[in-house]
Amino acid sequence: MPAGIMIPARNMPSMIGRNGSVGGFGLSSGLSLGQIENHKGPESQRSIEMFQPNLMEAGQLLPLDMPQNTSESDVPRIHEDDFDSATKSGSENQEGASGEDQDPRPNKKKRYHRHTQHQIQEMEAFFKECPHPDDKQRKELSRELGLEPLQVKFWFQNKRTQIKTQHERHENTQLRTENDKLRADNMRFREALGNASCPNCGGPTAIGEMSFDEHHLRLENARLREEIDRISAIAAKYVGKPVVSYPLLSPSSVPPRPLELGIGGGFGGQPAGIGGEMYGGAAGDLLRSISGPTEADKPIIIELAVAAMEELIGMAQMGDPLWLTTLDGTTTVLNEDEYIRSFPRGIGPKPAGFKCEASRETAVVIMNHVSLVEILMDVNQWSTVFSGIVSRAMTLEVLSTGVAGNYNGALQVMTAELQVPSPLVPTRESYFVRYCKQHGDGTWAVVDVSLDNLRPSPSARCRRRPSGCLIQEMPNGYSKVIWVEHVEVDDRGVHNLYKQLVSSGHAFGAKRWIATLDRQCERLACAMATNIPTVDVGVITNQDGRKSMLKLAERMVISFCAGVSASTAHTWTTLSGTGADDVRVMTRKSVDDPGRPPGIVLSAATSFWLPVSPKRVFEFLRDENSRSEWDILSNGGVVQEMAHIANGRDTGNCVSLLRVNSANSSQSNMLILQESCADSTGSFVIYAPVDIVAMNVVLNGGDPDYVALLPSGFAILPDGTTAHGGSIGDTGHGGSLLTVAFQILVDSVPTAKLSLGSVATVNNLIACTVERIKTALSGEVA
């Protein structure tokens, strides 16, 4: 991996950036039912209508500069007529003229030269693009409009003054309104205090001496209010009022700020992470049923966020006795008694039947701190980077955007659904506030804390105590990240196969979050690398082609992860009579989606245990030489890697383009796009058939959004039986939990009805694949 790569904060070139030179092209329909039955490659091409994704850029506040005073010492005096004309912008006021430049002969009547409508329109248009033109630009503009350069200069000075005055007038109006409201509240409170009476005797109340505990609580309350006032003052200075209220954000109204390289790009033309409508929402879905906070809730949310920030910093920095090290010295465990003593406030006692999961991990990642903060605070980027963990997420309301230019002080209310890539593990839905703060030592902190107390729900099975990360800047574009996960959860719905992994805390713990972040940062750095070695055969060195192919692979991975879990947006049906390895199926209609072939799509998934180490299973499934041992659709053909892109320090982390050379000369060859990725907590092998013509366009830097994909693949996790959950990198320790998932196009007509024969065929396909994998690995023991 190239060392010392700087990851820019904002406008990063897309790992998977877009080339607008290609409009559309023929594409495959993915795996179809006919291919399964006849073992044939894709034989038809379809035309896909072009579409334009919703791309919105976040608005920015332009700096409002004061006009520069011009003195006689540095600007030659001009004729009074020219001066008068220069200071007019279609009106007869003389704002912007300095005292020295005013005519010393007051008795002489001035001649006012109005600018023409054309001149004003041209200067207005130029002002929108550049409110501070330099000498060269002013001379060019004056020559085009037939004005003197100083006339242009004074017009721009007056325009800037006018904009600043309007802004201040608006700000004063808001402050006056707030002041009137506070004055009315103050009067109301004074009247209430004056009329207060003792509930025992009915006489007037008297303020006596307060207890020590009450005094301590008042001091603590005052300190927290000072913190709130400081945040509100920052917001008021840059936004216009302390708390900014936005309506409920929908996918079409969220202004994404994508790190290019594919982060923040959705799949199928939909922004990633915003409500995942891949299979249609279920009635009573927690993510859809919760609305934004009320005005009365907002002060409580702010106080809770400030307290959570203090707790996160303590949890991240404190050692023994809060965190106890295990005997082997590899893991730290939270001392719950010490936690309650150290942080007595919090969000209340643990609900009955809930279990505590707490973990802390540290890593150094190849991305600068500013980019990391932006990923965490932008719901699109966060959902995309952590697509294996975050199945859906939504920003309900932004309470503060932070200071201009960064996220210091940003506060937003969110919902999220967290997943394990298996239909056997229930997802965890949370309603929480996310708060970002920059500290004086150059460290950033981002904290989440549940708001379930504001909206109690009997169906809630998880709540987040203060969780998040501390990000510390390091040299050469690296960052040190300390991640803390602390949740209370009812995990009784977890299948027995996954109980050990979930109860160990590794299914949703800090180790999985930080391992995923480290792997994605490597992927991003490799995508931006320009010094690609050309000695290896098949390595794609064309930068545009690399970006397009990586963006296509990223969409494939997001689509697979979104459709394999037990999300409440899915409606899984279990096929009976298959024993322990139950196959779950669901159907959906694909209509007017350039990223997927049109028609009825049947998804099938199953999870089972293998007595083989996760690393061995990963190597077996990703290796093209062993593909014919399990892939029924290859039909015994020779699989050859045509091209690949490395996207991590591990050789197994790469995107490959495979060709299946059919043993039957009458059958056409099949192209397969595959991404394999692994970290210490899990691995994926995801693939999809692709059209040859479409891939040629992508490899030449064309737009990959119009390539139809139906991803299938595998998710591999350790079974949790080894000490502390095991690891993908472990060899010879513990078994594996393997999830197999297929997406099959059973009918190209979206209005067609699903036949039982199609379900039986897909069920047979996944059962045969599972049996082949078990047979191939049966001689190996973990």
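The values are calculated or read from the model by the stated rules, or taken from the named source; none is laboratory data. Remember, it's a predicted structure, so these values are computed and weren't measured experimentally. All Cβ positions, even for glycine, are placed from backbone atoms using ideal geometry, and neighbour counts span all protein chains on display. Please note that ligands, DNA and RNA were not included when accessible areas were found on the heavy atoms of the full protein model with its side chains. Shrake-Rupley method; radii C 1.70, N 1.55, O 1.52, S 1.80 Å.
Take segment 687-710 and flag every residue that is open to solvent by 10 Å² or more (accessible area, probe 1.4 Å), not aromatic (Phe, Trp, Tyr) and not in a helix (DSSP H, G or I).
Answer for segment 687-710, where residues must be open to solvent by 10 Å² or more (accessible area, probe 1.4 Å), not aromatic (Phe, Trp, Tyr) and not in a helix (DSSP H, G or I): Asp691, Asn700.
So, Val749, is that one of a type in the set (Val, Ile, Thr), under 24 Å from Arg627 (Cα atoms), in contact (Cβ under 8 Å) with a residue 12 or more places away in the chain and in the same structural domain as Ser613 (by the TED database) or not? Before the answer, list the steps.
On the way: of a type in the set (Val, Ile, Thr): yes; under 24 Å from Arg627 (Cα atoms): no; in contact (Cβ under 8 Å) with a residue 12 or more places away in the chain: yes; in the same structural domain as Ser613 (by the TED database): yes.
Spelling it out, it is not the case that Val749 is of a type in the set (Val, Ile, Thr), under 24 Å from Arg627 (Cα atoms), in contact (Cβ under 8 Å) with a residue 12 or more places away in the chain and in the same structural domain as Ser613 (by the TED database).
Search segment 601-628 for residues that are without any contact (Cβ under 8 Å) to a residue 12 or more places away in the chain and pair each with any residue that is assigned to a helix (DSSP H, G or I) when their beta-carbon atoms are under 9 Å apart and the residues are at least 6 apart or on different chains.
Pairs that qualify, where the first residue is without any contact (Cβ under 8 Å) to a residue 12 or more places away in the chain and the partner is assigned to a helix (DSSP H, G or I), are Ser628/Ser634.
Cβ-Cβ under 7 Å, sequence separation 6+ or interchain: first residue in segment 389-401 and open to solvent by 10 Å² or more (accessible area, probe 1.4 Å), partner aromatic (Phe, Trp, Tyr). Which pairs?
If the second residue must be aromatic (Phe, Trp, Tyr), the pairs left are Glu397/Tyr246; Val398/Tyr246.
Residue-by-condition table, conditions (1) under 26 Å from Asp441 (Cα atoms); (2) among the aromatic types (Phe, Trp, Tyr):
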site: Thr331; (1), (2): no, no
site: Glu336; (1), (2): no, no
site: Arg341; (1), (2): no, no
site: Gly348; (1), (2): no, no
site: Pro351; (1), (2): no, no
site: Phe354; (1), (2): no, yes
site: Glu357; (1), (2): no, no
site: Ile366; (1), (2): yes, no
site: His369; (1), (2): yes, no
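For segment 735-760, how many residues meet the condition of being open to solvent by 30 Å² or more (accessible area, probe 1.4 Å) and polar (S, T, N, Q)?
Counting residues in segment 735-760 that are open to solvent by 30 Å² or more (accessible area, probe 1.4 Å) and polar (S, T, N, Q) gives 3.
If I ask for residues that are open to solvent by 10 Å² or more (accessible area, probe 1.4 Å) and outside any strand (DSSP E or B), which ones from segment 602-612 would you list?
Start the filter on segment 602-612 by keeping residues that are open to solvent by 10 Å² or more (accessible area, probe 1.4 Å), which leaves 609, 611.
Scanning segment 602-612 gives a single hit, Pro611.
Restricting to segment 631-646, and then to whatever is free of Cβ contacts under 8 Å to residues at least 40 places away in the same chain and either closer than 18 Å to Phe714 by Cβ or in contact with a Pro (Cβ under 7 Å, 6 or more places away or on another chain) (or both), can you tell me which residue is surrounded by the most Cβ atoms within 10 Å (Cβ to Cβ)? Spell out how you get there, then give the answer.
The initial filter retains those residues of segment 631-646 that are free of Cβ contacts under 8 Å to residues at least 40 places away in the same chain, namely 634, 636-640.
Adding the requirement that they be either closer than 18 Å to Phe714 by Cβ or in contact with a Pro (Cβ under 7 Å, 6 or more places away or on another chain) (or both) leaves 634, 639.
Working: Ser634: 22, Val639: 19.
So the residue we want is Ser634.
Cβ-Cβ distance below 8 Å, separation of 6 or more or different chains: which pairs start in segment 552-572 with a residue that is modelled with pLDDT of 85 or more and end on one that is in a helix (DSSP H, G or I)?
Going by the 8 Å Cβ cut-off, the qualifying pairs are Leu552/Val698; Leu552/Pro704; Glu554/Thr384; Arg555/Pro704; Arg555/Asp705; Ile558/Thr384.
Quick one: how many residues across segment 613-630 are open to solvent by 40 Å² or more (accessible area, probe 1.4 Å) and of a type outside the set (Gly, Ala, Ser)? Let's see the steps before the verdict.
Just the residues of segment 613-630 that are open to solvent by 40 Å² or more (accessible area, probe 1.4 Å), to begin with: 615-616, 619, 622-625, 628-629.
If we keep only those that are of a type outside the set (Gly, Ala, Ser) as well, we get 615-616, 619, 622-625, 629.
Qualifying residue count, segment 613-630: 8.
Of Gly713, Gly720, which residue is of a type outside the set (Asp, Glu), at pLDDT below 90 and either open to solvent by less than 10 Å² (accessible area, probe 1.4 Å) or within 22 Å of Thr651 (Cα to Cα) (or both)? Outline the logic, then answer.
On the way: Gly713 fails: at pLDDT below 90.
Exactly one of Gly713, Gly720 is of a type outside the set (Asp, Glu), at pLDDT below 90 and either open to solvent by less than 10 Å² (accessible area, probe 1.4 Å) or within 22 Å of Thr651 (Cα to Cα) (or both), namely Gly720.
If you take the residues in segment 412-429 that are open to solvent by 10 Å² or more (accessible area, probe 1.4 Å) and part of a strand (DSSP E or B), which one is nearest to Met377 (Cα to Cα)?
If we take residues in segment 412-429 being open to solvent by 10 Å² or more (accessible area, probe 1.4 Å) and part of a strand (DSSP E or B), then Gln412 is nearest to Met377 (Cα to Cα).
Please specify each residue of segment 331-349 satisfying the condition of being within 31 Å of the chain's Cα centre (by Cα), outside any loop (DSSP other than H, G, I, E, B) and of a type in the set (S, T, N, Q).
Matches in segment 331-349: Thr332 only.
When the residues of segment 339-384 are narrowed to those that are among the hydroxyl-bearing types (Ser, Thr, Tyr) and farther than 30 Å from Gly405 by Cβ, which ends up modelled with the highest pLDDT? Show your work before the answer.
Applying the first criterion (among the hydroxyl-bearing types (Ser, Thr, Tyr)) to segment 339-384 yields 339, 342, 359, 362, 371, 383-384.
Within this subset, residues satisfying the condition of being farther than 30 Å from Gly405 by Cβ are 339, 342, 359.
Values: Tyr339: 88, Ser342: 87, Ser359: 92.
By that ranking, first place goes to Ser359.
For segment 403-427, enumerate the residues that are among the small types (Gly, Ala, Ser) and either closer than 28 Å to His495 by Cβ or in contact (Cβ under 8 Å) with a residue 40 or more places away in the chain (or both).
Filtering segment 403-427 for residues among the small types (Gly, Ala, Ser) gives 404-405, 409-410, 416, 422.
Listed by number, the residues that qualify are Ala404, Gly409, Ala416, Ser422.
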